[in-house]
Amino acid sequence: MPLFYLVRFLSMYLLVTIYFYLYLFFCKILKNTEEQFMMTCKSLALPLITSLCLFAFSYFSVVIGASAVGFVVLALSLFGGAVLFGYKSSLSKHTATYTSEAKS
Amino acid sequence: MVDAVVAFFVLGIIAQLLGAKIPFTDGLYKSLSMFLMIAIGLKGGMALQQHVDPALLLMSVAVIGFGLLLPLIAYPLLRYFGQLDKINAGAIAAHYGSVSVATYAVAVALLEANSIAYEAYFPLFVVLLEMPAIVVGLVLAKGNFKIINREFIKKELVANQSILLMVGSLIIGFIGGESVQKLTPFFVDLFPGILALFLLKMGLVAGEQLGTLKKNSVFLISFAVLMPMLGGLAGTGLALLLGLSAGGIALMAVLGASASYIAVPAAMKESLPEANAGMSITASLGITFPFNVLINVPFFIALGQFLGV
């Protein structure tokens, strides 16, 4: 039994760690400048926290015998949507910077 | 399996997304809201008459404190992560600190469908939770207490439609005695059907709001999903402290998770006209209400049963 709880704890810790590094990874690839890195971090922070909470709720749903499907689908959609939105806005900033440099 | 009453909400969203023209007049919608508020108050008063609890006064103080706390959780999230100004952050925080009568009605319908008992005095808690968040939201938005004057108290506390109807029918249900039984065929037996119609309209409105989500940031969607989870957990904690039953835990969590889109928008329109009403309504009605009705309420009912055992 203690081993079972240890495995559970470690898998949750692993999930949070993977999430955090994914978050830093996406912030790094979406940034254009160091300044935009902080802005991107901030804009991705709440979707990350929310999707993590949704995964936590899905886990507890399984424990208490409720359906976890809604939470999991929403968590994946939210994080994916946030990354896509961040990528699109960083792309448009990149294009705007290139256009203004070309004009000058 | 989806509950039949909740399925009407899904039908409303699908109908709106498909562009079906379902005629739903404003007058019908307001009549259905009035019916729900009166029915909830009346049922609560009738049940309260048989189960008067002396500890109710202390519980009421705790519930008011809970109502004051919720906007204080929402406000820093809105200011720091959303970079919103004080006015809009205060307005949205007020929405999420208050309650949704429709979400409460759905939770009650699901509890009764599953034969899960809950405390009779919950309509009183619904009424008590309507107002504190509005006061806190306004104070946070304005940065001072000057907005809380006699006219505000008279307009928003005494003459507020939701509070007047619910408190009034609660009192009628409590003091009416045998004569209240004459009203049960209409206000009690027809409650699930009227709620289904009301949810159909809510589905149509939520479907309409989904269209405006494209224009709004990912932040608003994240906040509108996170805050009900945090509020629900806070409500669960309060319910455990108060020693409520399984149904009571579920209902308190649902009250913490819900966001107002009837009473608070009207109050904000009067007291904070400079706030962006569209953002608050999109969050509370377009995202939080469907999330609560379809996912959160069944979860908190299961959680209540798990913790209440």
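Given only helices, namely DSSP H runs of n ≥ 4 each adding -39500 (n - 2.57), what is the per-residue ellipticity at 222 nm of chain B, to the nearest 500 deg cm²/dmol? Don't skip to the end; give the middle numbers.
Values: 15 runs with 214 residues, N = 309.
Computed ellipticity for chain B at 222 nm equals -22500 deg cm²/dmol.
Can you tell me the order of B:29-39, A:57-67 when each peptide is scored by its average per-residue count of other Cβ atoms within 10 angstrom, highest first?
Numbers: B:29-39: 18.5, A:57-67: 16.3.
Highest to lowest by the protection proxy: B:29-39, A:57-67.
If you place +1 on the Cβ of every Lys and Arg, -1 on the Cβ of every Asp and Glu, and leave all else neutral, what size is the dipole of chain B about its Cα centre, to the nearest 20 Debye?
Details: 15 positive and 14 negative charges, 143 e Å.
Dipole size: approximately 680 debye.
Per residue of A:58-70, what is the mean number of Cβ atoms on other protein chains within 10 angstrom of that residue's Cβ?
Numbers: counts 2, 0, 4, 5, 0, 3, 8, 3, 9, 4, 2, 1, 6.
Average per residue, whole number: 4.
Just checking the output field for B:227-236: average partner chain Cβ neighbours within 10 Å of each residue's Cβ?
Values: counts 1, 0, 6, 2, 0, 1, 2, 0, 0, 0.
Counting other chains' Cβ atoms within 10 Å and averaging over B:227-236 gives 1.
If you split all Cα-Cα distances of chain B into 10 Å bins from zero, what percentages do you get per bin, shortest first?
Each 10 Å bin holds this share of Cα pairs: 6, 28, 37, 23, 5, 0.
Please report, ordered by residue number, every helix of chain B (full DSSP H runs) that is 30 Å or longer along its axis going by C-alpha atoms and whose mean Kyte-Doolittle hydropathy reaches 1.6. Mind dumping the intermediate values first?
Details: long enough: B:26-50 (37 Å, 0.69); B:56-80 (37 Å, 1.92); B:191-212 (32 Å, 1.26); B:218-242 (36 Å, 2.14).
Helix filter hits for chain B: B:56-80, B:218-242.
What average number of partner chain Cβ atoms lie no more than 10 Å from the Cβ of the residues making up B:299-305? Please report the intermediate quantities before stating the final value.
Numbers: counts 10, 1, 2, 7, 6, 1, 3.
Going residue by residue through B:299-305 and averaging, the value is 4.
Just so you know, all these numbers are worked out from the coordinates, no wet-lab data involved. Quantities reported herein were computed from a predicted structural model and do not represent experimental measurements. Here the Cβ is made from the backbone with ideal geometry for all residues, glycine too, and neighbour counts use every protein chain on show.
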